[in-house]
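Reviewing the structure listed below.
Bear in mind that the values in this text are calculations on the coordinates, not laboratory data. As the structure is a computational prediction, the values presented were derived from the model and not from experiment. When we count neighbours, we look across all protein chains shown, and the Cβ atoms used for this are built from the backbone with ideal geometry, even at glycine.
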Amino acid sequence: MAIQRTLCIIKPDAVEKKKQGAILQHLLDAGFDILAMRQLTLSRRMAEGFYAVHKERPFFGELVEFMTRGPVVVVALEGEDAVKRYREVIGATDPAEAAPGTVRQLYGASKGENAVHGSDSEDNGRQEIAYFFEAHQLL
Ligand code: ADP
Ligand code: MG
């Protein structure tokens, strides 16, 4: 296995509940390193661009509304086999189906409001990190 990078976004629902600290600690305890991190409120344009792959899906409008309603914390993570391991640590998209002790099971509310984003491949992880961070911020 190799060291990989992956993007976490702590979504507005979790920030509203003040769970960003607990989620970051959960990820640190799981062995990930934080390469870079910042809080921002996504513009509609940023959210639509980030989720462009989903633009034909019926939930796209709802997803953009949700992701722009308040601050998010974007976190570039690094670790051994990070893409797959992070997906395991966050759990299934729907918190009701996420395994016990996963981030989404612990902090998510619904299939839409599920506390965190996770990259689904190493390539997408790289692209998603580049969407939010400049190369010099990741050294
Ligand atoms: P994941 O975030 O687990 O990779 P997807 O890529 O399928 O899941 O979907 C992206 C995001 O869109 C989800 O995390 C969730 O916030 C939202 N979403 C997915 N499916 C639905 C749905 N059926 N209804 C509302 N929102 C959804
Ligand atoms: Mg996805």
*Selection count where residues are surrounded by fewer than 19 Cβ atoms within 10 Å (Cβ to Cβ) and not in a strand (DSSP E or B), scope region 67-86*: 7
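Would you point out the residue of region 25-65, among those that are part of a helix (DSSP H, G or I) and within 14 Å of the chain's Cα centre (by Cα), that is farthest from ALA135 (Cα to Cα)?
First, pick out the residues of region 25-65 that are part of a helix (DSSP H, G or I): 25-29, 44-50, 52-54, 60-65.
Those still in the list that are within 14 Å of the chain's Cα centre (by Cα) too: 26-27, 47, 50, 63.
Values: HIS26: 26, LEU27: 22, ALA47: 21, PHE50: 18, LEU63: 28 Å.
Ranking the qualifying residues of region 25-65, first place goes to LEU63.
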*Has region 65-84 got any residue that is among the acidic types (Asp, Glu), touching a Ser or Thr at 6+ places or on another chain (Cβ under 8 Å), within 15 Å of ligand 1 (Cβ to nearest atom) and free of Cβ contacts under 8 Å to residues at least 40 places away in the same chain?*
no
_Residue, surrounded by the fewest Cβ atoms within 10 Å (Cβ to Cβ), within region 117-128, restricted to residues that are within 8 Å of ligand 1 (Cβ to nearest atom) and not in a loop (DSSP other than H, G, I, E, B)_ = HIS117
*Taking the residues in region 87-116 that are near ligand 1 (Cβ under 10 Å from one of its atoms), small (Gly, Ala, Ser) and closer than 11 Å to LYS11 by Cβ as candidates, determine which candidate is surrounded by the fewest Cβ atoms within 10 Å (Cβ to Cβ).*
GLY112
